[in-house]
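Okay, so here's the structure we're looking at.
Any read-out appearing in this document is the output of simple, stated calculations on the displayed coordinates, not a laboratory observation. These figures come from a predicted structure and were not determined experimentally. Here the Cβ positions follow ideal geometry from the backbone for every residue, glycine too, while neighbour counts run over all protein chains shown.
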Amino acid sequence: MTEQAKGCQDKEMTFRIMRYDPDKDAKPYFQQYKIKLQHGMTILDALMHIKETQDPTLSYRKSCRMGICGSCAMQVNGFPRLTCQTQVTEISTDTIEVRPLANYPIIRDLVPDLGDFMARHESILPYIIREDHQEQNNPTGEYSQSPAELEEYLQFAYCIKCGSCLAACPTNATDRKFTGPQALAAAYRYAADSRDGGLAARLDTLDHPNSLFRCHYAGACSEACPKGVDPSLGIQLLKRKLFQKKILGRGQKPAGMAQTPAGIGRREGIPQAPEKTV
Amino acid sequence: MKFPDLKSKTHPNFKGVPGWVWAGRYGIERQLYILQRMTGLGVLLYLLMHLIVTGQKLDQSSWEFVMGQVNQGLLPIGEFLVFAGAVFHALNGIRLALVHFGFLMRQPGRPIYPFTVAALGQRWAVYSVFIATAAIVGYGGYEFFIVAGH
C-alpha cells in the first residue's frame, strides 16, 4: 500500500446526510455520520458502509455501481453527481453533504421520485417513427445510415436517464411543467436520426409554453451530466430544427432500407444467421 | 376488493426561486443566466416607473420640480445602473439569440473522457460581451458623470 493510500485509510470523514421518512417526518432533516476513509472509497461506498455498520434505516437507490444504470445520482455538496463515480477524496471538504437530487419529490431519505421525469421522457416519443408501420413493426431488413449520420445524434444517445440535468437546471427549479433538458435532448437525438420520419409529430409534442423555448441556456445541465451528453447543445440544435421545419419548411426524408449487395456469396466457414425470433 | 393506495407520500423538493438566483459552483453561462434575468427585470421596472412619471399631466413648474427630485441623491447613480444593465442585456441577448439556434457552439461529437461542453465554443462571444459592455458603459460613465456632471 502506498503512503498516500495509508494516509487515506486513517482519515475520518463526516457525512451530513438528508433524512426523510414520509410516515414520521413533516420535513427533511440532516443526520451526521462519521466513518473512517478507505482507499478508493466512493460516496456510494461510504453510504453502503454507513448502512451496514451504523444505520440500517438509511435509504438510497443504487444498482450497477459502475456509472451505467444512473440510479445513484445525488446532490453531493450541492452538485448533482453519480455517487458511484465520485471518489470521496475528490471532494475537498472534511464534511460531505449528501442530499437527494434537487427538483424531484423525495420518497424517502436519498430516494427521489423519478416518475414524472420518465413521463416527460415518454412524452417526446423517444423512438424511431416511420410512415411504413408494417415495415417498422415487422422489419425485413435494416435502415441505411452512414457513419457521418450516426455522429449527428450519437452523443445524445449516451444518456442514462440519471436525472442530474433536471436537478441542475434553473428553469426546472421554478417551472414544474418544464419538459426538461433530458427529454428535450432525447427529442433531438431522434429528430437528428436519419432513419426517423417523425419530426413533425415530435415537434407537436413540444408545442406548449413549458417546452423548448423555456430553456434560456444556462448550460448547467451540460456541466452536471456525468456521461458527457451535453443536453444544452441538443436543445439549441432542436430549436434550429424546429425553425427549419416550421419557418423554412425544410424537413428530412427518412433513410431507406439498406440494400444487400448483389452477386456476393457467403465465404466458406461463416455460419448462417440464426432464424428470426420476433 | 378495494386495493390500497400505492401512491407514495413524498416531500416536494423543488428549489424554487433560490434555484435560479443562486448559481453555486456552476460555470459562467449559469452566472450570465442570472445577470440576464436581473438586468431584464431592472430595465422593466425602470420602464414602468418612467411611464408613470412621464405619463403625469404636469405644468412646467411641476415638471421641473419632479425632474429636480429625480436628479438628487443616489437616483442618478440608479439611472446609470439602468443604462449599464440595459447595455449588458442587449449585447448578451444578441449572443443568446445566436446560441439558441446552435450557432457559435461546437458540433456534436463522441463523449470521450474528460468530457467537455459545446458551450466552450462560444466563450469568445461571452468575453466579447464583457469587453463591449465595459467599453460602452465606460464611455457612458464619462459622458454622464464627467461631461454632464451628474
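May I ask you to derive the relative contact order of the stretch B:1-132, considering only C-alpha pairs under 8 Å and at least 6 residues apart, and to give it as an integer percent?
Over the stretch B:1-132, the number comes to 22 percent.
Is the shape of the stretch A:3-112 rounded, prolate or oblate, going by the alpha carbon gyration tensor and its root eigenvalues a ≥ b ≥ c, with a/c under 1.5 for rounded and a/b larger than b/c for prolate?
Numbers: a/c = 1.90, a/b = 1.48, b/c = 1.28.
Cα axes put the stretch A:3-112 in the prolate bin.
Quick one: work out the % antiparallel among DSSP beta bridges in the protein assembly as shown, nearest 5.
85
Across peptide B:107-113, how many C-beta atoms of other chains are within 10 Å of each residue C-beta, on average?
6
In debye, nearest 20: dipole of chain A around its Cα centre with unit charges on the Cβ of K, R (+) and D, E (-)?
Values: 35 positive and 32 negative charges, 84 e Å.
That gives chain A a dipole magnitude of about 400 debye.
Please compute the modelled spin-label separation between A:D25 and B:S8, points set 7 Å along Cα→Cβ, answer in nm with one decimal.
1.3
If you build a Gaussian network model of chain A, linking Cα atoms that sit under 10 Å apart, which residue out of A:N137, A:N77, A:N103 swings the most?
The residue that fluctuates most here is A:N137.
If I model a spin label as a point 7 Å beyond the Cα along the Cα-Cβ vector, how far apart are those points for B:A97 and A:D55 in nm?
Label-label distance for B:A97 and A:D55, simple model: 5.3 nm.
Report, ordered by chain and residue number, the aspartates and glutamates lying within cross-link reach of B:K9, taken as a straight Cα distance under 13 Å and ignoring same-chain residues fewer than 8 apart.
Answer for B:K9, where 13 Å is the Cα cut-off: A:D21, A:D23, A:D25, A:D109, A:D113, listed by chain and number.
Counting pairs of alpha carbon atoms under 8 Å apart in space and at least six apart in sequence, what relative contact order in percent does the stretch A:115-246 give?
This gives 33 percent for the stretch A:115-246.
How big is the gap, in Å, between the Cα center of the stretch A:170-192 and the Cα center of the stretch A:53-125?
Cα centroid to Cα centroid, the span is 19 Å.
With a 10 Å radius around each residue's Cβ, average the other Cβ atoms per peptide and rank A:219-225, B:54-60, B:130-136, highest first.
Ranked from most to least packed, the peptides come out as A:219-225, B:130-136, B:54-60.
Do you know the relative contact order of chain A, to the nearest whole percent, from alpha carbon pairs under 8 angstrom that are 6+ apart?
16
Total Lys pairs in the stretch A:3-112 closer than 26 Å by alpha-carbon, pairs eight or more apart in sequence or interchain only?
17
Only residues of the stretch B:58-76 count here: report those whose backbone N is under 17 Å from the spot 7 Å along Cα→Cβ of B:L45, or say none.
B:74-76
Say R0 is 25 Å: what FRET efficiency, to the nearest 0.05, do A:Y127 and B:L120 get from their beta-carbon distance?
0.20
For the stretch A:3-112, give me the percentage of DSSP beta bridges that are antiparallel, rounded to the nearest 5 percent.
Numbers: 17 of 21 bridges.
The antiparallel fraction comes to roughly 80 percent.
So, with +1 on the Cβ of K and R and -1 on the Cβ of D and E, and no other charges, what is the size of the charge dipole of the stretch A:177-217 about its Cα centre, to the nearest 20 debye?
140
Neighbouring Cβ atoms within 10 Å as the yardstick, rank A:E97, A:E268 fewest first.
Least crowded to most crowded, the residues run A:E268, A:E97.
Take each of the peptides A:45-52, B:11-18, average the number of other beta-carbon atoms within 10 Å over its residues, and list them starting from the highest.
Highest mean packing first, the order is A:45-52, B:11-18.
Between the stretch B:18-70 and the stretch B:82-141, how many Å separate their Cα centres?
22
When you look at the Cβ of every residue in B:97-104, what mean number of other chain Cβ atoms sits within 10 Å?
What the average comes to for B:97-104 is 5.
Starting from the Cα of A:K245, draw a straight line to each of the lysines and keep only those under 25 Å, dropping any in the same chain fewer than 8 residues away.
Result set, ordered by chain and number: A:K177, A:K253.
Considering every residue in A:228-239, what mean count of other chain Cβ atoms within 10 Å of its Cβ is obtained? Before the final figure, lay out the partial values.
Values: counts 9, 3, 10, 1, 6, 11, 3, 2, 12, 6, 2, 4.
For this peptide, the per-residue mean of nearby foreign Cβ atoms is 6.
With 10 angstrom as the radius, rank A:K62, B:K2 by how many other C-beta atoms surround their C-beta, starting from the fewest.
B:K2, A:K62
What is the spin-label model distance, in nm, from A:T95 to A:Q272 if the labels are put 7 Å beyond Cα along the C-beta direction?
Result: 7.1 nm between the two label points.
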